[in-house]
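Here's the structure we're looking at; comments come further down.
The numbers here are math on the coordinates, done by the rules we state, and not lab data. Because the structure is predicted, anything quoted here is derived from the model rather than measured. Backbone-built Cβ (ideal geometry, glycine too); neighbour counts: all protein chains shown.
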Amino acid sequence: MDLTVQLAPGNKKGLKLANPVMTASGTFGYGTEYEHLFDIQSLGAIVCKGTTLEPREGNPQPRIIETVGGMLNSIGLQNIGVDTLIKEKAPVWSKWKVPVIVNIAGRTIGDYALVAKKLDGVAGVAALEVNISCPNVEAGGAEFGIRTDSAAKVIDVVKNATSLPVIVKLTPNTGEIVELARAVVSAGADALCLINTLKGMAIDIKSHRPLPGNGYGGLSGPAIKPVALYMVYEVAKAVSVPIIGCGGITTANDAIEFVMAGATAVQVGTAGFMNPHAPVDVMDGISSYLQKENIQDIHKIIGIARR
Ligand SMILES: Cc1cc2nc3c(=O)[nH]c(=O)nc-3n(C[C@H](O)[C@H](O)[C@H](O)COP(=O)(O)O)c2cc1C
């Protein structure tokens, strides 16, 4: 059975995965934290925590609030910074079979370009995933990814700064997901990942304060799956680059739905907090499904719900 997928057919280096199951950024650390739990080399790819130019401490506590069918987080991109990542993490990854994709973030367009440039040609880094759900400090804090012009500008500078495949991670916090997808593909995106978290909040009725500590957070987990699936379905109709489906995927069944909607690969995020084996369980389940249905190649079902 053929489970291999190519996520960057338009890029010289390409991004070939042995199977379509990846971990979602921010939910699987740097991969090293999970090595003792299962064979992480069997995954399709690992996406590391969002990485910025400088190390970041993150947002005030509490940063995680449980909700019905999901969770709200406001980690605030706590991370070790790109220089430490290159010095300490990339050399470990360079010895791994599983490709590691670095998720990058910034406060300004210049930040993205610098981080991308620093990571270009670093052994152990297979591709970049650009998180455009970050506040743009030069535009009053509006997320780069909610407007086609700012989103495209970020991708334009990143593409000019790197020869690595570039995956663009779209935010669902916009009314224009299809237009955004088209804009970043025109700017050179090799693949798209959707979706990031949906903005949401809770309120502590004792202290009367908004939660999480930052005042709002990003909703993830099973509660967002129908939204993510619909966005993948709609975007897949509009663009021809590979799509990575992400949002609430907990079981192989969920993942297969995303593939049928048009995703070439999937990411497992929040599900891993309840069951660290979730990514491998999803992968094994996809394989069993294909075997049972006598389907030899996963490409046979990519986008089948749209045909
Ligand atoms: C605790 C936490 C941290 C996250 N950090 C990042 C991040 O650094 N960069 C990013 O692009 N997405 C980040 N995300 C979003 C996830 O990668 C994913 O897009 C989202 O959670 C939806 O998938 P899920 O429902 O499977 O978790 C984070 C999500 C969670 C729950």
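Could you sort the peptides 9-20, 293-304, 257-268 by per-residue average Cβ neighbour count (10 Å cutoff), highest mean leading?
257-268, 9-20, 293-304
Convex hull over the alpha-carbon atoms of the chain: what's its volume per residue in Å³?
124
Report the calculated FRET efficiency for LYS13 and ALA238 (r = Cβ-Cβ distance, R0 = 30 Å), to the nearest 0.05.
The pair LYS13/ALA238 has a calculated efficiency of 0.70.
Could you order the peptides 85-95, 22-32 from most to least packed, using the average number of other C-beta atoms within 10 Å per residue?
In decreasing order of mean packing, 85-95, 22-32 become 22-32, 85-95.
Express as a percent, rounded to the nearest 5, the fraction of DSSP beta bridges in the chain (both residues included) that run antiparallel.
40
³J(HN,Hα) across segment 214-220 via Karplus (A = 6.51, B = -1.76, C = 1.60, θ = phi - 60°), whole Hz, x for Gly/Pro?
Calculated HN-Hα couplings, in order: 6, x, 7, x, x, 7, 9 Hz.
So what are the ³J(HN,Hα) numbers for segment 81-98, from phi and the Karplus equation (6.51, -1.76, 1.60; θ = phi - 60°), rounded to whole Hz, Gly and Pro as x?
Going residue by residue, I get x, 5, 5, 5, 4, 5, 6, 9, 9, 4, x, 5, 4, 5, 8, 8, 7, 6 Hz, with x marking Gly and Pro.
Which residues among segment 75-92 fall inside the zone where the amide N is under 19 Å from a point 7 Å beyond the Cα of THR108, along Cα→Cβ?
Taking a point 7 Å out along Cα→Cβ of THR108, the residues of segment 75-92 whose backbone N falls under 19 Å are 81-83.
Calculate, for GLU88 and LYS199, the FRET efficiency according to 1/(1 + (r/R0)^6) with r their C-beta to C-beta distance and R0 41 Å; round to the nearest 0.05.
0.80
About the Cα centre, and with charges only on the beta carbon of Lys, Arg (+1) and Asp, Glu (-1), how big is the dipole of segment 1-119? Nearest 20 debye, please.
Charge dipole, segment 1-119, about its Cα centre: 480 debye, nearest 20.
Going by C-beta contacts inside 10 Å, put ILE101, ILE205, ILE256 in order with the fewest on the left.
ILE205, ILE256, ILE101
Using just the helices of the chain, give the 222 nm mean residue ellipticity in deg cm²/dmol: DSSP H runs with n ≥ 4 each add -39,500 (n - 2.57), and the total is spread over all residues, rounded to 500.
Rounded to the nearest 500, it is -8000 deg cm²/dmol.
Suppose each label sits 7 Å from its Cα in the direction of the beta carbon; what would the THR32-GLU138 distance come out to in nanometres?
3.3
Put +1 on the Cβ of each Lys and Arg and -1 on the Cβ of each Asp and Glu in segment 166-245; which of VAL232, GLY215, ALA183 then has its Cα farthest toward the positive end of the dipole?
Projecting each Cα onto the dipole axis, the largest value belongs to GLY215.
Apply the Karplus parameterisation 6.51 cos²θ - 1.76 cosθ + 1.60, with θ equal to phi minus 60°, to every residue of segment 299-307 and state each ³J(HN,Hα) to the nearest whole Hz, in sequence, with x for glycine and proline.
4, 4, 10, 5, x, 5, 6, 9, 7
Suppose every K and R has +1 on its Cβ and every D and E has -1 on its Cβ; what is the size of the dipole of the chain about the Cα centre, in Debye to the nearest 20?
With only Lys, Arg, Asp and Glu charged at Cβ, the dipole is about 340 debye.
Taking +1 at the Cβ of each Lys and Arg and -1 at the Cβ of each Asp and Glu, which of ILE249, ILE203, GLY110 sits farthest along the dipole of the chain towards its positive end, judged by Cα position relative to the Cα centre?
Looking along the dipole axis, the top candidate is GLY110.
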